[in-house]
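In what follows, a single structure is set out as structure tokens and then discussed.
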Amino acid sequence: MGKKSRRREGKAKRGAPNAWAHLPPNQAELMRRWEEWMPIDLIMPEKGTKAETMKALAITPEFVEGIPVGNWQRLNMRLREAEKPVNFANHPPLKRGDRVEVLAGNSVKWGQVGKRGKLNEFFGDDGKWGIEMEDTGEGVLVMAGNLKRIPKEEGTVKETSAGYVNHPPLAEGDCVEILRPSGSAGKRWICQLRFEEDENWGVGLEGGSSALVKAGNLKRIPGPIEGVKEPPGQWTYVGPPGDDVLFDY
């Protein structure tokens, strides 16, 4: 009787990896090891086995990444984080073209957590955004509450003989700061209109005034900036020739 029981036990152990046969060999072995270390009291009665319980909980090789094999305490913490309700509020509301980061919660696919992408279309019936992921170019649907807007990056600023160069180039609506030493150095502005011939930007200054500033004197900064003036009807050079900052009347 004992030998027969041992033979059956050995057969069951040899057959266990079949639960993960759809995975590449290295991933199947990883899942088999997690299954082996799974506490018996975590088995769902309706599933009956460790492997089926793990599948029901969406435990995948991707999900256990970064956790030491068999550390079910940490894995349970990750499971709770993945399943928690989340409804992140973006102000102002998200819009098409925004760059976003995917947050954990609402049972979102763990492989998407922390990934970034660009918003395409909002599906109101499902409360989800269509996103083009930056790492794969793949289109995915994610609940709006799982998305956090990524602020516009400052980018890099390189000093050259012609002045400072912003990467990516400045655009209308960018918030900027004066870099060159002058009476306006350190003040914050918003780019409103570019003058190609002069390589100047017409900018609105916080407080309501406005100015013409050489592009090489501007550094992009995070916004928004409140209280800027609308672009004036006509920009006018003011001040001595060669002045870094040329104000309008």
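The values are calculated or read from the model by the stated rules, or taken from the named source; none is laboratory data. Since this is a predicted model, take the numbers as computed values, not measurements. Ideal geometry is used to build each Cβ from the backbone, glycine not excepted, and the neighbour counts take in all protein chains shown. Just the protein is used for accessible areas: all its heavy atoms, side chains included, with ligands, DNA and RNA removed. Shrake-Rupley method; radii C 1.70, N 1.55, O 1.52, S 1.80 Å.
How charged is the neighbourhood of residue 110? Take every other residue with its Cβ under 10 Å from the Cβ of residue 110, and add Lys/Arg as +1 and Asp/Glu as -1.
On the way: positive: 78, 109; negative: 62, 65, 81.
Within the 10 Å Cβ shell, the charges total -1.
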Fill in the blank from the handout: With R₀ set to 22 angstrom, the calculated FRET efficiency between the beta-carbons of residue 89 and residue 133, to the nearest 0.05, is 0.45
Completion exercise
Taking only the alpha carbons of the range 48-137, the radius of gyration and the largest Cα-Cα distance, Dmax, both in angstrom, are 15.4, 48
Handout entry: Largest to smallest accessible area among 174, 126, 41 [probe 1.4 Å]
Key = 41, 126, 174
Completion exercise
Amide H proximity to residue 170 below 5 Å, modelled H, separation 5+ or other chain, gives none
Practice task
Once you have a ≥ b ≥ c as the square roots of the Cα gyration tensor eigenvalues for the range 35-83, tell me rounded if a/c is under 1.5, and otherwise prolate or oblate according to whether a/b is larger than b/c.
Solution key: prolate
Problem - Residue order for 60, 53 - accessible surface, 1.4 angstrom probe, largest first - result: 60, 53
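Over the range 63-145, what is the relative contact order in percent, taking alpha-carbon pairs closer than 8 angstrom and at least six residues apart? Could the numbers behind the result be given before it?
On the way: 123 pairs, mean separation 18.4, N = 83.
In percent, rounded to a whole number, it is 22.
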Fill in the blank from the handout: Heavy-atom accessible area with a 1.4 angstrom probe orders 33, 96, 149, most exposed first, as 96, 33, 149
